[in-house]
Amino acid sequence: MVKRFLLVGGDEFRASCATMDRHVLAATGAVTPRVAIVPTAAAFENPGLAASNGVRHFAGLGASAFGVDVVRREDAENPRIIAQLNGADVIYFTGGSPEHLRSVLADSPLLTAVVQACEGGAVWAGSSAGAMVLGSVMRRPSSGSPVSPALDIVPNVMVLPHHERSDPNVVAEQLSGSATFGLMVLGIDGGSGVFLDTDGAAALGSGNVTVYQSGEWRRYAAGDQVPDLTVNGPAG
């Protein structure tokens, strides 16, 4: 099975993402890749605008892009809506609320369809909230708990988006508790991402990726390989 993920730190569909997103489109091997934009996480903001921004961005990169109107749980259970993903080369979940996105996707027919599409060769991309839910857990201290469950699509990984705002030494200290023990934590800057496949992982985009593991951190720039990480999670 071919599985590929793009974890983006936020600021999706901006000029700073163009080089990264061209890489993803090229990876599909399609002459005119079909890109499905799913704005579920933006349900409490402006999902229509989020989708149209994605459509415009990817159309400008030569793709055939379209929005998939999933904002509520009922949408994720609607066969007509789910069928729109058929033949998509990239399925892209926007930023917004990670809790809402997880509640809509968890154990849903839509999630099953996205997993199947990914196993069939489609790239599963997520920005900010869309990336957070792919890990094992999400860091949500405002909820009263250090972490909350994610979808565990990429096991033993946690994503910290918009990481350009953070001091790695402070973050490393905050991650020293047992809630994140054994995880590989990816601090991903806005406009940047990590592209994972079965062979490894690479940093992409205009910023950096900071990897936290075993109390230490290391920063990677675009084009760098992120060691010991694949779509199946950290090695070992």
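Only one of Val133, Val171 is among the β-branched types (Val, Ile, Thr) and buried (at least 23 other Cβ atoms within 10 Å of the Cβ); which?
Details: Val171 fails: buried (at least 23 other Cβ atoms within 10 Å of the Cβ).
When all the criteria are applied, what remains is Val133.
Answer with yes or no whether Val31 is more than 22 Å from Val133 (Cβ to Cβ) and β-branched (Val, Ile, Thr).
On the way: more than 22 Å from Val133 (Cβ to Cβ): yes; β-branched (Val, Ile, Thr): yes.
Taking the combined requirement at face value, the residue satisfies it.
Can you tell me how many residues within the range 168-211 are under 17 Å from the mean Cα position of the chain (by Cα) and polar (S, T, N, Q)?
Counting residues in the range 168-211 that are under 17 Å from the mean Cα position of the chain (by Cα) and polar (S, T, N, Q) gives 5.
Can you confirm whether Val170 is over 23 Å from Ala201 (Cβ atoms), modelled with pLDDT under 95 and among the β-branched types (Val, Ile, Thr)?
On the way: over 23 Å from Ala201 (Cβ atoms): yes; modelled with pLDDT under 95: yes; among the β-branched types (Val, Ile, Thr): yes.
The answer is yes for Val170.
Quick one: which helices (runs of 4 or more DSSP H) lie wholly within the range 12-127 and hold at least 2 residues that are in contact (Cβ under 8 Å) with a residue 40 or more places away in the chain?
Working: elements: 18-28, 47-60, 73-76, 79-82, 98-105, 109-119.
Answer list for the range 12-127: 18-28, 47-60, 98-105, 109-119.
Against the definition (of a type outside the set (D, E, K, R) and over 29 Å from Asn232 (Cβ atoms)), how does Pro47 come out, yes or no?
Numbers: of a type outside the set (D, E, K, R): yes; over 29 Å from Asn232 (Cβ atoms): yes.
Against the criterion (of a type outside the set (D, E, K, R) and over 29 Å from Asn232 (Cβ atoms)), Pro47 qualifies.
Please go through the range 188-222 and give me each residue that is touching a helix residue (DSSP H, G or I) at 6+ places or on another chain (Cβ under 6 Å), surrounded by fewer than 22 Cβ atoms within 10 Å (Cβ to Cβ) and assigned to a strand (DSSP E or B), ordered by number.
Correct list: Trp217 only.
Taking the range 56-71 on its own, how many of its residues are within 15 Å of Asp11 (Cα to Cα) and surrounded by 14 or more Cβ atoms within 10 Å (Cβ to Cβ)? Spell out how you get there, then give the answer.
First pass over the range 56-71, keeping only residues within 15 Å of Asp11 (Cα to Cα): 56-58.
Checking which are surrounded by 14 or more Cβ atoms within 10 Å (Cβ to Cβ) leaves us with 57-58.
Count: 2.
Out of curiosity, is Asp199 modelled with pLDDT of 95 or more and of a type in the set (Asp, Glu)? Write out each step before concluding.
Details: modelled with pLDDT of 95 or more: no; of a type in the set (Asp, Glu): yes.
Against the criterion (modelled with pLDDT of 95 or more and of a type in the set (Asp, Glu)), Asp199 does not qualify.
I'm trying to understand the selection: among the residues of the range 210-236, which are touching a residue at least 60 places away in the same chain (Cβ under 8 Å) and either aromatic (Phe, Trp, Tyr) or in contact with an Asp or Glu (Cβ under 9 Å, 6 or more places away or on another chain) (or both)? Full working, then the answer.
Of the range 210-236, the ones touching a residue at least 60 places away in the same chain (Cβ under 8 Å) are 222, 229, 231-234.
Scanning the range 210-236 gives Val231, Pro234.
Condition check ((1) more than 18 Å from the chain's Cα centre (by Cα); (2) of a type outside the set (Ser, Thr, Tyr)) across all residues:
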| position | (1), (2) |
| --- | --- |
| Asp21 | no, yes |
| Leu25 | no, yes |
| Asn46 | yes, yes |
| Ser52 | yes, no |
| Gly62 | yes, yes |
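In the range 1-59, what residues are closer than 17 Å to Ser97 by Cβ and of a type in the set (Phe, Trp, Tyr)?
Scanning the range 1-59 gives a single hit, Phe44.
The values are calculated or read from the model by the stated rules, or taken from the named source; none is laboratory data. If you're wondering where the values come from, they're calculated on a predicted model, not measured in any experiment. Note that each Cβ is placed from the backbone with ideal geometry, even for glycine, and that neighbours are counted across all protein chains shown.
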